[in-house]
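Step one of this worksheet: look at the structure below.
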Amino acid sequence: MNEPTTPDRATELQAHLKRVAEREEGMQIRIEAKLLHLRNRQRDNEVRLLRQAGKATSGAKKVYWLRQAAEAMAEPVFALSACRTGCSHCCNITVPISRVEAEVIARETGARLNKNAGMKMGDESADLQAIVSDMSAIYYGMPCTFLSKGKCSIYESRPLACRLLLNMDDDDLLCIITPEAKVNVPRINTTEHELLGVAALGLNQTYDDIREWFPEGLPQR
């Protein structure tokens, strides 16, 4: 539950939202100009890697190829994005991952996996958008259990969701966590990529937020 907004916090929030409103003026034109540079980017390698993931015979191999595909997607986009090393705003929003990916992360990092986590999303009765929306509301502003001193402690094994999340603005202003008034961040559209990834992993997968899979984070050394 969020703490009550103090007068100082209210003033700070008002100033922040004013900056956000000013930034949003002409936002669409600025983002479209960036996307124009990406319109003719070659995606053959990305598609090939996604197909390779679909053909893989084990969960670990599927995750490996999906990571490669995510990197292929992100590489030409990153230079035009606002994302920079040391920025951790997105470590305070929901990170939905599949059971097979969680199992791979557990093996690679030694983190204890909560085997009771996971919600089935692959059946026809599951409302994927509603589930992700609920997750977004629950975990917005909650630090990832792998966030340590402002950095991802499992960066090499970070989830696919993190690899595909790119802010197309000029800086991190719109990413700043404001629980009192959420701000829409202009992110690159990765829906097609994500759907192919879900299909590659298999429709019977269960998904949950990373905080549910790994409530304890990394083991103490």
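Computed values, structure above
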| quantity | calculated |
| --- | --- |
| Filter result for ILE138 (assigned to a helix (DSSP H, G or I) and either open to solvent by 60 Å² or more (accessible area, probe 1.4 Å) or modelled with pLDDT under 95 (or both)) | yes |
| Segment 141-156: number of residues that are in contact with a Phe, Trp or Tyr (Cβ under 6 Å, 6 or more places away or on another chain) and either of a type in the set (Val, Ile, Thr) or modelled with pLDDT under 95 (or both) | 2 |
| One residue from ARG187, ARG158 being basic (Lys, Arg) and within 26 Å of GLU12 (Cβ to Cβ) | ARG187 |
| SER133 vs. criteria touching a helix residue (DSSP H, G or I) at 6+ places or on another chain (Cβ under 6 Å) and small (Gly, Ala, Ser) | no |
| Residue in segment 44-62 that is of a type in the set (Ser, Thr, Tyr), at pLDDT 95 or above, under 20 Å from the mean Cα position of the chain (by Cα) and farther than 15 Å from THR190 by Cβ present | no |
| Matching residues in segment 88-135 - criterion: being of a type in the set (Gly, Ala, Ser), in a helix (DSSP H, G or I), at pLDDT below 90 and open to solvent by less than 60 Å² (accessible area, probe 1.4 Å) | ALA130 |
| Answer residue from segment 71-87, given it is among the small types (Gly, Ala, Ser) and farther than 19 Å from GLU192 by Cβ and is least open to solvent (accessible area, probe 1.4 Å) among those | ALA82 |
| Check on LYS61, at negative phi and outside any loop (DSSP other than H, G, I, E, B) | yes |
| LYS34, sole failed condition from (1) open to solvent by less than 30 Å² (accessible area, probe 1.4 Å); (2) in a helix (DSSP H, G or I) | (1) |
| Members of segment 30-41 found to be farther than 22 Å from ASP171 by Cα and in contact (Cβ under 8 Å) with a residue 24 or more places away in the chain, listed by number | ARG41 |
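The values are calculated or read from the model by the stated rules, or taken from the named source; none is laboratory data. Everything numeric here is computed off the predicted structure, so don't read it as measured data. FYI the Cβ positions are ideal-geometry reconstructions off the backbone, even for glycines, and counts take in every protein chain you see. Protein only, heavy atoms only, side chains kept; ligands, DNA and RNA dropped before computing areas. Shrake-Rupley method; radii C 1.70, N 1.55, O 1.52, S 1.80 Å.
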